[in-house]
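What follows is a short report on a single structure.
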Amino acid sequence: MRQVARLGRGAVLGLLLAVHAVAAFEPITVGIAIGAATALTGYLSYTDLYCRFAECCREKQPLNASALKLELEEKLFGQHLATEVILKALTGFKNNKNPKKPLTLSLHGWAGTGKNFVSQIVAEHLHSKGLRSNFVHLFVSTLHFPHEQQIKLYQDQLQGWIRGNVSACASSVFIFDEMDKLHPGVIDAIKPFLDYYEQVDGVSYRKAIFIFLSNAGGDLITKIALDFWRAGRKREDIQLKDLEPVLSVGVFNNKHNT
């Protein structure tokens, strides 16, 4: 009786109304209804209700492309190509129920051009907690892989981390910052997860997303933008085809081959 007394007036009123309503039905009908309600409530408790209080991996949740487009356009200035490419790549990938390989995005440019900011926006639209999510993993080369003599240890740890987290959440996001400073041996540890494999050691990585941030090619991008300005053309006139050949050569010539 003391427990009942703790219920709010609204709850008690609802309970009373339910009792009066039940009296109007046949016993067998009420039994079936209660059984169905119990089953439904149990289902919701372990899915939707649980995920309201704890973060869940919702790999089947669709991408809100309109919201992503709006935020990129409102918050990202002077980066029309990044907006177009990222939006197209993410939309196509998330709409594909059976991708053949993980999505890889490589963002290049000098420090301060918005690479980290863009990756933060993308992370928030894939997992609501963004960089604070248990399913979004950020690595900074100079912080997490600083010692060249420990490359073998880094390789083993990184591969184990990627394997374990994708096993827990297929749509995990991995962001690697300062790729231009990352040792080639660490990059080699990542490569097996990026190719067209059905599974690697019993785990499918095809729904995971890898985002690479690099300063490599920043000088070439600046030069092309300057050439457009000198020719009296707008920055928005720069097309992806204007950057790809030059950027590919610049990145290839980088000492870490990012």
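Placing dummy labels 7 Å off each Cα toward the beta-carbon, the span from residue 71 to residue 48 is 2.4 nm.
Within the same chain, aspartates and glutamates fewer than 8 places from residue 100 are excluded, and of the rest, those with a Cα less than 14 Å from its Cα are 195, 198.
What residues qualify as long-range amide H neighbours of residue 208, i.e. H under 5 Å apart, gap of 5 or more or another chain, H built at 1.01 Å from N? Residues meeting the amide H criterion: 103.
Legend: residues 197, 205, sorted from most to least accessible area (1.4 Å probe; ligands, DNA and RNA excluded), read 197, 205. Residues whose amide H falls under 5 Å from that of residue 138, counting only those 5 or more places apart or on a different chain, are 175, with hydrogens built in the peptide plane. Remark: spin-label model distance residue 197-residue 60 equals 2.7 nm, labels positioned 7 Å along the Cα→Cβ axis. Phi angles of the range 211-221 translate, via the Karplus equation with coefficients 6.51, -1.76, 1.60 and θ = phi - 60°, into HN-Hα couplings of 10, 10, 10, 8, 7, 4, x, x, 5, 6, 5 Hz per residue; Gly and Pro are given as x.
Extent of the range 78-234 along its three principal axes (Cα atoms, max minus min coordinate, largest first): 55, 42, 29 Å. Pairs exceeding a 20 Å alpha-carbon distance, out of 75/181; 115/152; 115/181; 129/191; 75/115: 75/181; 115/152; 129/191.
The values are calculated or read from the model by the stated rules, or taken from the named source; none is laboratory data. Remember, predicted model here, so these are calculated numbers, not experimental data. Reconstructed Cβ throughout: ideal geometry from the backbone, glycine too, with neighbour counts over all protein chains shown. Side chains are part of the model used for accessible areas, which takes the heavy atoms of the whole protein and leaves out ligands, DNA and RNA. Shrake-Rupley method; radii C 1.70, N 1.55, O 1.52, S 1.80 Å.
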